[in-house]
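Asks: Dumping the structure here so I can ask a few things about it.
The values are calculated or read from the model by the stated rules, or taken from the named source; none is laboratory data. Here the structure is a predicted model, which means the values were calculated and not measured. Virtual Cβ from ideal backbone geometry, glycine too; neighbours counted across all protein chains shown. Heads up: the accessible areas ignore ligands, DNA and RNA and are worked out on the full protein's heavy atoms, side chains in. Shrake-Rupley method; radii C 1.70, N 1.55, O 1.52, S 1.80 Å.
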Amino acid sequence: MMWNAILRQLVTCIIICTGVAVFATYASCDPILLGKITKSDQIVPYFYINELVWIPGMMGLFTSCIISAVLSTISSILNSLAALTWKDFLCRFAMFDSLHPVWKGRCIICLCIAYGVVIMVLALGLGKLGTIFETMFTVIGGFGGIMGGCFLMGLFLPFANKFGVISGMGASLSTLGFFVYKKSSLKIQLNTLPTSLHDCGNGTDFTFARNATVDFAIVQQHDWPSKLFTISYILYPFVGAFLTIIIGSIGSLLSKRFLKEPSESCQHYLHPLIKRLYGIEKKIFTVPEQTELLQFSST
């Protein structure tokens with residue numbers, strides 16, 4: 001676990017250094033303004049092709065790294081999604097749970113294929129959703145923030161229950177989805193660091209060059225409530241967690257008031273310090289499957 005965290009930080013540092021190097025190289029001769037590329041997602045391949053092509057084997061190493069990273073990530077995601085879907089949803093139905101193990105394996109393979117088709121369709125639509133990094137951070141960060149708020153409620157709020165958590169997650173997901181929709185409909189773009197074409201050199205082709213003053217000098221002005229949708233997508237995880245905790249807390253309190261939900265329903269998830277602070281006695285909670293297994297082994 002410790003080495004995993006260290007290596008993740010190392011990879012993050014390498015990515016940051018790559019971005020700094022690319023920006024320092026093209027800050028005064030932006031290939032987007034030159035018309036060489038159309039999106040910022042293409043800047044790193046453009047950098048390798050034009051600046052590092054003289055290194056023997058660099059192009060092959062760059063291509064193999066991209067393919068291996070994509071294949072390893074996608075294969076893990078497909079296997080995880082198929083296994084979770086089977087275990088958490090389909091196994092609850094008798095028609096699936098009673099199948100022969102061979103047919104269970106075939107069903108999981110079909111789930112992998114279905115998820116693969118969905119991922120391919122989503123990948124084809126990414127070109128119309130802005131940059132890949134922004135889209136990825138919006139989706140993963142939004143869901144991650146909501147799940148983080150759910151876990152924080154379970155750890156630190158003794159009165160949290162399933163009704164409050166579900167209402168908080170649903171309201172937070174709806175709010176973030178509405179933010180993304182309004183940001184797309186209003187065509188709100190975040191301001192980037194300024195670039196220019198001043199140091200492109202004498203042999204540079206300016207045939208498809210764009211006007212830098214038009215692209216970067218104009219700052220979009222929005223009034224309330226439209227200004228609320230200009231929040232950066234980097235803050236979506238914090239917004240999702242905040243809304244989940246606030247709305248989930250209100251929903252938990254209301255459900256206990258009107259639905260008479262037992263107060264100790266989720267208290268076994270609390271952090272030990274919170275249990276000690278609120279004077280909650282330590283209880284032993286057993287999993288039903290483990291209890292049945294112990295009873296079977298004793299007989």
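Asks: Restricted to the stretch 17-31, and to residues that are among the polar types (S, T, N, Q) and more than 29 Å from the chain's Cα centre (by Cα), which residue is least open to solvent (accessible area, probe 1.4 Å)? Steps first, please.
Replies: We begin by selecting, within the stretch 17-31, every residue among the polar types (S, T, N, Q); these are 18, 25, 28.
With more than 29 Å from the chain's Cα centre (by Cα) added as a condition, the list becomes 25, 28.
Values: 25: 58, 28: 36 Å².
It comes out as 28.
Asks: Also, I was wondering about something else. With the requirement that a residue be hydroxyl-bearing (Ser, Thr, Tyr) and either in contact with a Cys (Cβ under 7 Å, 6 or more places away or on another chain) or more than 22 Å from residue 60 (Cα to Cα) (or both), what does the stretch 6-39 give you?
Replies: Step one: list which residues in the stretch 6-39 are hydroxyl-bearing (Ser, Thr, Tyr), which gives 12, 18, 25-26, 28, 38.
Listed by number, the residues that qualify are 12, 25, 26, 28, 38.
Asks: Can you pull out the residues in the stretch 69-88 that are of a type in the set (A, V, I, L, M, F, W, C), more than 14 Å from residue 119 (Cα to Cα) and surrounded by fewer than 11 Cβ atoms within 10 Å (Cβ to Cβ)? Break it down stepwise before answering.
Replies: In the first step, residues of the stretch 69-88 are kept if they are of a type in the set (A, V, I, L, M, F, W, C); the result is 69-71, 74, 77-78, 81-84, 86.
Then keep just the ones that are more than 14 Å from residue 119 (Cα to Cα); that gives 69, 83-84, 86.
Across the stretch 69-88, the qualifying residue is only 69.
Here's the yes/no breakdown for (1) at pLDDT below 90; (2) touching a Pro at 6+ places or on another chain (Cβ under 6 Å); (3) over 28 Å from residue 235 (Cα atoms); (4) of a type in the set (A, V, I, L, M):
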residue	(1), (2), (3), (4)
53	yes, no, yes, yes
64	yes, no, yes, no
67	yes, no, yes, yes
77	yes, no, no, yes
95	yes, no, yes, yes
108	no, no, yes, yes
121	yes, no, no, yes
127	yes, no, no, no
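Asks: Could I ask something else about it? Between residues in the stretch 24-41 that are free of Cβ contacts under 8 Å to residues at least 60 places away in the same chain and residues that are outside any helix (DSSP H, G or I) and surrounded by 14 or more Cβ atoms within 10 Å (Cβ to Cβ), which pairs lie under 7 Å by C-beta distance while being six or more apart or on different chains?
Replies: If the second residue must be outside any helix (DSSP H, G or I) and surrounded by 14 or more Cβ atoms within 10 Å (Cβ to Cβ), the pairs left are 31/37.
Asks: Something else now. If you take the residues in the stretch 32-56 that are of a type in the set (D, E, K, R) and assigned to a helix (DSSP H, G or I), which one is surrounded by the most Cβ atoms within 10 Å (Cβ to Cβ)? First the steps, then the outcome.
Replies: Just the residues of the stretch 32-56 that are of a type in the set (D, E, K, R), to begin with: 36, 39, 41, 51.
Checking which are assigned to a helix (DSSP H, G or I) leaves us with 41, 51.
Details: 41: 16, 51: 14.
Here the answer is 41.
Asks: In the stretch 82-114, what residues are small (Gly, Ala, Ser) and assigned to a helix (DSSP H, G or I)? Quick ask: steps written out before the conclusion?
Replies: Of the residues in the stretch 82-114, the ones small (Gly, Ala, Ser) are 82-83, 94, 98, 105, 114.
82, 83, 94, 105, 114, listed by residue number.
Asks: Among the residues in the stretch 144-167, are any among the charged types (D, E, K, R) and more than 18 Å from the chain's Cα centre (by Cα)? Show your work before the answer.
Replies: Start the filter on the stretch 144-167 by keeping residues that are among the charged types (D, E, K, R), which leaves 162.
This time we only want the ones that are more than 18 Å from the chain's Cα centre (by Cα), so: 162.
Checking the stretch 144-167: at least one residue is among the charged types (D, E, K, R) and more than 18 Å from the chain's Cα centre (by Cα).
Asks: Taking residue 14 as meeting all but one of (1) in contact with a helix residue (DSSP H, G or I) (Cβ under 7 Å, 6 or more places away or on another chain); (2) over 30 Å from residue 109 (Cα atoms); (3) open to solvent by 60 Å² or more (accessible area, probe 1.4 Å), write down the number of the exception.
Replies: Just one mismatch for residue 14, condition (1).
Asks: Let me ask another. Mind checking whether some residue in the stretch 129-138 is among the aliphatic types (A, V, I, L, M), under 30 Å from residue 278 (Cα atoms) and assigned to a helix (DSSP H, G or I)?
Replies: Initial filter on the stretch 129-138 (among the aliphatic types (A, V, I, L, M)): 129, 132, 136.
Imposing the further condition that a residue be under 30 Å from residue 278 (Cα atoms) reduces the set to none.
No, there is no match, as no residue in the stretch 129-138 is among the aliphatic types (A, V, I, L, M), under 30 Å from residue 278 (Cα atoms) and assigned to a helix (DSSP H, G or I).
Asks: Within the stretch 213-229, take every residue that is surrounded by fewer than 16 Cβ atoms within 10 Å (Cβ to Cβ) and assigned to a helix (DSSP H, G or I) and give me the one that is modelled with the highest pLDDT. Spell out the reasoning first.
Replies: If we filter the stretch 213-229 for residues that are surrounded by fewer than 16 Cβ atoms within 10 Å (Cβ to Cβ), which is where we start, we get 213-215, 217-228.
Filter once more, so that each one left must be assigned to a helix (DSSP H, G or I): 213-215, 226-228.
Details: 213: 45, 214: 41, 215: 45, 226: 69, 227: 71, 228: 74.
Only one residue tops the list, namely 228.
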